[in-house]
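Here's the structure we're looking at; comments come further down.
Just so it is clear, none of the values below were taken in a lab; they were calculated from the coordinates. What you are looking at is a predicted structure, and each value in this text was computed from that prediction instead of being measured. All Cβ positions, even for glycine, are placed from backbone atoms using ideal geometry, and neighbour counts span all protein chains on display.
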Amino acid sequence: MNMSTQRVTVSELQNWMSSGKAVQLVDVRGAGEYAAGHIPGTYFMPLEEVVNRVEDLDQHRTVVLVCQSGRRACIAENQLQGNHDQIFVLEGGTQAWADAGNPLVKSAKSTWALERQVRLVAGILVLIGVALGFTVSPGWFGIAAFVGAGLTFAGLTNICGMAAVLAKMPWNQTAKPKEVQA
């Protein structure tokens with residue numbers, strides 16, 4: 001973590017926004033996390049795109065980087081050093097924002113990010129494979145090996161078969177806009 005990281009608390013950010021301070025909120029999480037719930041008015045810029053999208057930062061506004069807890073926002077801040085005069089990291093991220101009772105915009109039915117769902121399912125499959133390998137037959141260790149190979153492939157190629165399957169599940173479908181009554 002950068003020692004010169006400037007942080008802003010949720011209450012400080014709320015004061016800035018209510019006083020009319022020019023702030024650009026930039027959410028650096030993944031698409032699934034962003035869809036599961038983001039601070040209203042945030043600009044979506046995934047961490048892996050930050051370096052190539054420096055020109056998307058508004059030089060006339062204070063930039064506040066946001067992620068789930070603040071760690072990835074600190075990484076983004078380090079990557080953006082020297083490209084903007086006023087960059088802050090929201091302390092505690094969207095979790096702190098929500099914990100303070102503030103609203104989140106949700107554009108997906110799921111409240112879990114797709115990446116979190118993949119970790120959960122992969123973990124369950126590995127546990128099942130190991131448990132069955134010890135109790136039933138060593139052949140069941142193949143489940144754990146298969147999941148490990150899939151995760152390794154996903155890490156190397158950024159293509160995750162499990163995420164593709166989970167993305168098609170009903171709970172991960174984009175919420176349909178509600179019709180407004182006249």
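Annotations for the structure displayed:
- Alpha-carbon Rg/Rh ratio, for the chain, with Rh computed the Kirkwood way: 1.07
- The gain in end-to-end length when the HIS84 to ALA31 segment is fully stretched comes to 16.7 nm, 0.36 nm per residue minus the alpha carbon separation.
- Using θ = phi - 60° in the Karplus curve 6.51 cos²θ - 1.76 cosθ + 1.60, the 3J(HN,Hα) couplings for region 10-23 round to 4, 5, 5, 4, 4, 4, 4, 5, 6, 8, x, 4, 6, 10 Hz; x is entered for Gly and Pro.
- Taking the fewest neighbouring Cβ atoms within 10 Å as the starting point, the ordered list for MET17, MET169, MET162 is MET169, MET17, MET162.
- Neighbour counts of C-beta atoms inside 10 Å place LEU57, LEU125 in the sequence LEU125, LEU57, starting with the fewest.
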